[in-house]
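Undergrad: So that we are looking at the same thing, I have put the structure below in structure tokens.
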Amino acid sequence: MNKEIMRKYKSDETLQNIKRLLKSALEAYGQKDFKKLKNYEVDSLINRQILASCNYERMGIEEVIDKIQCSMPKEISVKTIDGRTIIDATLKVSLKRYIINKNNNEVIDGTKDYIGDYFYSVILVENNDLDKKIICENCGSNIEQNEEKCPYCKAVNPNKNNKFLIVDIVEKNHIDMMKAYYKKKEKEKIEEAKTELEKLLLEERRSRRSLF
């Protein structure tokens, strides 16, 4: 990818767009607003939220995510696959995250007083369908993405002409945990193979001795 295209996708406008998209998607995630999440095409995040909600509902608890603030992307890579531009960006996010008992609203994990810093990896793809229907983030009505304002509640549409769609959002320490997990598994496989080889060599030595 040439330098001119790289400058285009690493421009302040693009970085601000990524920052806003992540903040809006995390806010929708925290509000458990699946319709709003659909505006960003983050199916993986929606599926995670539904699964977590089902588990939390069964246990009588609720995860609260609040006071979300995003920095500008610190790391960004751009590549083209099948004619579509893919962006992988890393952003620092400050937020409150804690779990409460739904019966008495008592905090059972985390704290309401602490704002933690997290790093998120966001994968985005160019949006080639600006004529699709989206959800108004103010009143929840179906509107055209290229509408300047919602025709029903007159709220400004922040998703007008969104240039990107979010494919996935992953907390970086989750990525590091998964890398460590697979590294451990790979090490275990190597150790198992070495043990198996040692057994075979031992059996071979024993069989040789039995011949004499």
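Read the figures in this text as sums done on the coordinates, not as results from a lab. These figures come from a predicted structure and were not determined experimentally.
Undergrad: Quick check on my link table: of LYS32/LYS79; LYS67/LYS92; LYS36/LYS163, which ones sit more than 20 Å apart, alpha carbon to alpha carbon?
TA: Beyond 20 Å: LYS32/LYS79.
Undergrad: Here's a follow-up. Could you give the semi-axes, largest first, of the ellipsoid that matches region 109-172, computed as the square roots of 5 times the alpha carbon gyration tensor eigenvalues and rounded to whole Å?
TA: Working through the eigenvalues yields semi-axes of 29, 19, 8 Å.
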